[in-house]
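Written out below as structure tokens is the structure these notes cover.
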Amino acid sequence: MRMYDIIKKKRDGGTLTAEEIRFWIEGYVRGEIPDYQVSALCMAIYYRGMNASETTDLTLAIRDSGDRLDFSAIHGVRVDKHSTGGVGDKTSLVVAPIVACLGARVAKMSGRGLGHTGGTIDKLESIAGFRTDIGGEEFIRIVNENGIAIVGQTASLAPADKLLYALRDVTATVDSMPLIASSIMGKKLAADDDCIVLDVKTGSGAFMKTVEESRALAELMVEIGCRAGKKMRALITDMDRPLGAAIGNSLEVIEAIETLKGDGPADLTEVCLALATHMLVISGHGDEETCRADIRRVIENGEALATFARMVGVQGGAPAWIYDTGLFPKAAYTYTVSAPRDGYITRADAEGYGIASLLLGAGRNTKEDKIDYAAGIRLAAKTGDYVRKGDPLATLYANDERLFAPAEARLLAATEIGAELPAARPLILDIVE
Ligand code: URA
């Protein structure tokens with residue numbers, strides 16, 4: 001078998017066999033197939049797609065590319081949540097401690113930023129000392145003792161995805177349904193959770209731009225998961241505008257902390273409550289009403305925040321940062337973007353905002369790039385707000401003043417201001433069970 005023929009077959013619209021997919025994935029992980037051939041194949045898949053059976057074969061090849069984890073030593077129901085990626089999406093930082101302090105076990109493996117979207121691991125690493133490289137028995141011990149651990153994918157878990165994820169990030173091949181479904185479900189099937197809630201983002205800041213595409217992705221992933229014996233649910237949530245007000249790593253951790261205290265932005269709070277509720281419902285905690293009431297209680301009485309602070313301490317960070325967010329290092333420079341005219345914000349294109357944040361240093365342009373944890377954006381106005389010319393739209397944070405001009409231009413290009421109040425769009429657009 002030759003990689004060249006596999007690329008050509010997909011380029012010309014053919015259907016790959018399970019053997020061809022395994023040849024590609026296994027050869028890539030062994031280092032025998034170079035990045036440039038895999039980039040070409042990913043681009044061919046981006047244009048030609050894959051049918052459900054190819055996507056399942058790719059998912060299983062990714063799952064089998066490394067170790068299958070055994071979480072049976074974890075006491076209790078193991079529940080996970082995975083987002084398809086968005087801008088300002090810090091929901092994992094909020095929902096994981098909430099469900100853990102209500103008795104579910106969260107043995108969570110998260111990813112890094114991808115394309116214009118952020119990643120939970122990058123966000124957590126903005127807390128000095130926070131270790132995300134915990135695996136094996138230590139990981140299981142921490143989950144048993146503390147109810148929660150959030151770590152990066154270990155090198156041995158779905159290594160094919162680790163390689164593909166980094167490659168797709170810099171070759172414009174992220175937003176492909178089969179590549180996203182197999183990436184997410186390959187990892188999820190290699191881990192050993194009982195229940196998984198997927199947050200499938202939809203809109204300009206998501207990899208799937210329309211509700212129909214997002215629903216198709218959700219159905220595909222739910223089906224792959226159910227076939228593998230997992231309890232699955234997917235929420236389709238809005239990502240046409242950034243979620244919350246903060247974009248960028250430490251800014252997002254701070255906003256997650258505010259949300260855990262009950263002081264978060266309304267949109268972020270609503271999505272987090274929905275995700276946490278469904279995580280608890282499918283893990284058998286109770287009906288929706290009971291779960292919602294319990295979630296409100298642990299936010300109000302501080303238990304959810306305390307669980308987050310404990311997790312930070314156990315994983316090497318300083319819990320004091322969680323109670324005093326002024327301890328997070330600040331960017332050297334800030335810059336206010338002002339509204340160019342009076343009117344309603346009719347569009348705040350999430351992808352554009354994500355790219356603006358990337359331009360400030362909050363994400364990667366190449367696989368080797370280092371992230372500036374303090375860089376990012378804090379929105380002062382959101383879609384539907386009325387602004388007057390000169391009112392602040394957003395504050396930009398960077399450690400290099402030269403980054404402000406291109407980021408401001410990108411942000412303004414992504415913002416539309418008009419005379420009419422835009423129609424409200426629900427945050428939770430559908431649920432796939
Ligand atoms: N999240 C993943 O884990 N993989 C993707 O391809 C996109 C989002």
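The values are calculated or read from the model by the stated rules, or taken from the named source; none is laboratory data. Remember, it's a predicted structure, so these values are computed and weren't measured experimentally. Glycine gets a Cβ as well: all are built from the backbone with ideal geometry, and neighbour counts include every protein chain shown.
Quick one: would you say D57 is buried (at least 20 other Cβ atoms within 10 Å of the Cβ) and in contact (Cβ under 8 Å) with a residue 40 or more places away in the chain? Spelling it out, D57 is indeed buried (at least 20 other Cβ atoms within 10 Å of the Cβ) and in contact (Cβ under 8 Å) with a residue 40 or more places away in the chain. Considering only residues in the range 235-277 that are among the hydroxyl-bearing types (S, T, Y) and more than 14 Å from the chain's Cα centre (by Cα), the one that is surrounded by the fewest Cβ atoms within 10 Å (Cβ to Cβ) turns out to be T269. Against the numbered list (1) of a type in the set (K, R); (2) surrounded by fewer than 24 Cβ atoms within 10 Å (Cβ to Cβ); (3) under 30 Å from H285 (Cβ atoms), R2 comes up short only at (3).
Looking only at the range 321-336, residues that are crowded, with 22+ Cβ neighbours inside 10 Å and touching a helix residue (DSSP H, G or I) at 6+ places or on another chain (Cβ under 6 Å) come to 2 in all. Which of the residues belonging to the range 169-228 are within 17 Å of the chain's Cα centre (by Cα), closer than 23 Å to C42 by Cα, not in a helix (DSSP H, G or I) and not β-branched (V, I, T)? If the condition is that a residue be within 17 Å of the chain's Cα centre (by Cα), closer than 23 Å to C42 by Cα, not in a helix (DSSP H, G or I) and not β-branched (V, I, T), then D175, S176, K201, G203, S204, G205, A206, F207, M208, K209 are the ones that fit. Please specify each residue of the range 101-123 satisfying the condition of being among the small types (G, A, S) and either at positive phi or within 16 Å of the ligand (Cβ to nearest atom) (or both). Within the range 101-123, G103, S110, G111, G113, G115, G118, G119 meet the criteria. Looking at the range 199-229 only, could you name the residues that are under 21 Å from V143 (Cβ atoms) and within 16 Å of the ligand (Cβ to nearest atom)? Within the range 199-229, just G225 meets the criteria. Given the structure, is V29 farther than 22 Å from R2 by Cβ, touching a helix residue (DSSP H, G or I) at 6+ places or on another chain (Cβ under 7 Å), away from the ligand (no atom under 16 Å from the Cβ) and at pLDDT 95 or above? So V29 does not fit the description; no. Hey, could you check the range 197-218 for residues that are on the phi < 0 side of the Ramachandran plot and surrounded by fewer than 24 Cβ atoms within 10 Å (Cβ to Cβ) and say which is modelled with the lowest pLDDT? Only one residue fits best here, namely S204. Which residue is farthest from the chain's Cα centre (by Cα), if the candidates are limited to the range 70-100 and must be within 13 Å of the ligand (Cβ to nearest atom) and either of a type in the set (S, T, Y) or within 19 Å of V314 (Cα to Cα) (or both)? This residue is S92. The C-beta contact set for the range 175-186 (first residue closer than 15 Å to S65 by Cβ, second residue within 8 Å of the ligand (Cβ to nearest atom) and in a helix (DSSP H, G or I), distance under 6 angstrom, 6+ apart or interchain) comprises S183/D161; G186/D161. Of all the criteria given as (1) surrounded by fewer than 24 Cβ atoms within 10 Å (Cβ to Cβ); (2) not in a strand (DSSP E or B), the one not satisfied by M232 is (2).
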